[in-house]
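The values are calculated or read from the model by the stated rules, or taken from the named source; none is laboratory data. No experiment lies behind these values; they were computed from the predicted model shown. No Cβ is skipped: glycine too gets one built from the backbone with ideal geometry, and neighbour counts run over all protein chains shown.
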Amino acid sequence: MAPLNRVIIDTDPGVDDVLAMLLALAARPEEIEVMMLSITYGNVEVQSCLRNVVAIFHVIEKELEWRKARGQLEGFETMLASKPIVAVGAEHPLEDELLMADYFHGVDGLAGVHESHPHLSPADTWKSLFKSGASAQEISSPSSRFRASQTVAHTEILRLLRENPGDTITIIAVGPLTNLALAAAEDPETFLKVKEVVVMGGAIDGVYSRPFPFTPLPFTSHLSIRRSTYPRIPWTMLLVRYPVFLLRSKETLLTLRSQIVEGNITPVAEFNTYADAVATARVFALTSPNPATTMPPPPINMSKLPPYPKKLSRPLNLTLFPLDVTTPHKLQKSHVDAKLGPLIQAGSPLAEWTNAFIQRTYAKIESLTRKQADPGIELHDPLCVWYMLTRSARSWMVAPKAPEDIRVETAGQWTRGMHLVDRRNRTKAGAGSSEQVKSPGAVDITNPMEILSIEQHIDVEIIDAPGDNGGWLDVNKGNRINRIVNTPGEDAFGPYLLERIFG
Ligand SMILES: [Ca+2]
């Protein structure tokens, strides 16, 4: 049976990246095929990111032997069914200074696990696998479970898209978007053969909400409890902005839980976007009927990337997972201890390795915040994989007004990497004037959330109308982003992730 989803994961591992990859590799072949792991700098420098990916395969290899010896099902079926390509990509952003998150993830990206657990780390010989040559090469050491590519990642991404039918490959991008921007700049039409680009990045509303079952508490007192907990959001504003969440049926009252979710690297910016805001802006621009209307200003420093052609065959289908929706999904320490404790006792290499960097991450979280009864690791990146595995579930919801014009600040002194939306209560000029067409082949009609309305590329003046600098009120300008606002459940995900990876 053909896999439901064929994916390229573009990643900068990183603790939650590793959990995302383990979740994908542990799936069944009919659920997902991991065609390629495309590595970028990000949380730590690119060679450390690469070492962590090689280490994943090394540890899984040992885990499979251990499970087999115990007479257990091996698991990791999709990995066993097809060997992912591993390719190394960008070492630095298009234009910005290199920024890393080693203060959180540790210098090696996994809280020092290679030093503390050398028996579970691959020998340094893996480095030679990725040097020189021209094509993906099968290797036997340190693991036969992946193919080391000696081609740069963005070129390898384009090769896969070129050699496969359109709308068959999804890219899950959970690091800075440099590799994707390079691919899109080199060959935009081949890049647009992608079925969907799923991006973890940004912070949009700073508000999230979720369905809440009917409560016997009077609605007003319920609100007052919530309001006292999170006093910074006026509830009346929420009622106006999110009426769709208020009442789903007579039996179910959907009330709002709100919390400020700000940027995690500046007051307004999320790490991946801030790390390469220009790359993000360039990828987002491909969702526009007229990419030139949202392209960043011409580069002045390192980037020599050209503008896109004026005419492109179709817009990019991009689904965004901002901090608003990812942050509440946590891997609680109590769940990890309960699941991994017995496995470590029994000698599971994967449980020992994963537990080593997860426990250190809990310690880091507590050192950066405060001592907590049951700390949780935010599962930003794994959420995108969960979406790929369960996307037909109706509880995956995009923003009510999707696709939205979400743009990325590339030049601000204090706001670089910020995601902007137009919150003014003004009607867009020319609404309904452009021909509404479906993006050919990009829409999965079995999935209601994918029924997009995308305007055809037409000639428009790039010049802004008077009083509308930036063309925010022009329907033919701006980006078209599908932002996820609801998932199958914040509390369900952590246990699900552990179950899928560790059985
Ligand atoms: Ca990441």
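Things worth noting here:
- Residue match in region 319-326 (condition: surrounded by fewer than 18 Cβ atoms within 10 Å (Cβ to Cβ), closer than 28 Å to I8 by Cβ and not assigned by TED's automatic domain parsing to the domain that holds Y496): no
- Hits in region 392-407 - residues which are over 23 Å from N479 (Cα atoms) and of a type outside the set (S, T, Y): A393, R394
- When P382 is tested against the conditions (1) in the same structural domain as V18 (by TED's automatic domain parsing); (2) on the phi < 0 side of the Ramachandran plot; (3) surrounded by fewer than 20 Cβ atoms within 10 Å (Cβ to Cβ), the lone failure is (3).
- Criterion (in contact with a Lys or Arg (Cβ under 6 Å, 6 or more places away or on another chain) and either within 21 Å of G503 (Cβ to Cβ) or of a type in the set (K, R) (or both)) met by exactly one of P349, P342, P375, P382: P349
- Every residue from region 365-389 that is in contact with a helix residue (DSSP H, G or I) (Cβ under 9 Å, 6 or more places away or on another chain), more than 16 Å from the ligand (Cβ to nearest atom) and not in a loop (DSSP other than H, G, I, E, B): I365, L368, G376, L389
- The lone exception for K311 - which of (1) assigned to a helix (DSSP H, G or I); (2) basic (K, R); (3) outside the structural domain of P118 (by TED's automatic domain parsing) it fails: (1)
- With a requirement of 3 or more residues that are aliphatic (A, V, I, L, M), the helices (runs of 4 or more DSSP H) lying completely within region 148-195 that satisfy it span 153-163, 178-186.
- Scanning region 332-345 for residues that are in a helix (DSSP H, G or I) and either crowded, with 21+ Cβ neighbours inside 10 Å or touching a residue at least 24 places away in the same chain (Cβ under 8 Å) (or both) yields K333, S334, H335, V336, K339, L340, L343.
- Where helices (runs of 4 or more DSSP H) fall entirely within region 1-114, those with at least 2 residues that are within 16 Å of the ligand (Cβ to nearest atom) are at 15-25, 46-69, 102-105.
- A275 vs. criteria small (G, A, S), modelled with pLDDT under 95 and closer than 22 Å to G206 by Cα: yes
- Residue match in region 150-160 (condition: in contact with an Asp or Glu (Cβ under 8 Å, 6 or more places away or on another chain), modelled with pLDDT under 95 and surrounded by 22 or more Cβ atoms within 10 Å (Cβ to Cβ)): no
- Enumeration of residues in region 186-210 that are modelled with pLDDT of 95 or more and over 17 Å from the mean Cα position of the chain (by Cα): E186, D187, P188, E189, T190, F191, L192, K193
- Evaluation of D405 against (1) within 27 Å of H114 (Cα to Cα); (2) buried (at least 22 other Cβ atoms within 10 Å of the Cβ); (3) not β-branched (V, I, T) (one fails), failing number: (1)
- Count of residues meeting criterion [modelled with pLDDT of 95 or more and either basic (K, R) or in contact with a strand residue (DSSP E or B) (Cβ under 8 Å, 6 or more places away or on another chain) (or both)] in region 328-360: 7
- The conditions of being touching a residue at least 12 places away in the same chain (Cβ under 8 Å) and closer than 30 Å to R480 by Cβ are not met by T354.
- Residue in region 77-84 that is surrounded by 21 or more Cβ atoms within 10 Å (Cβ to Cβ), in the same structural domain as R159 (by TED's automatic domain parsing) and of a type in the set (K, R) present: no
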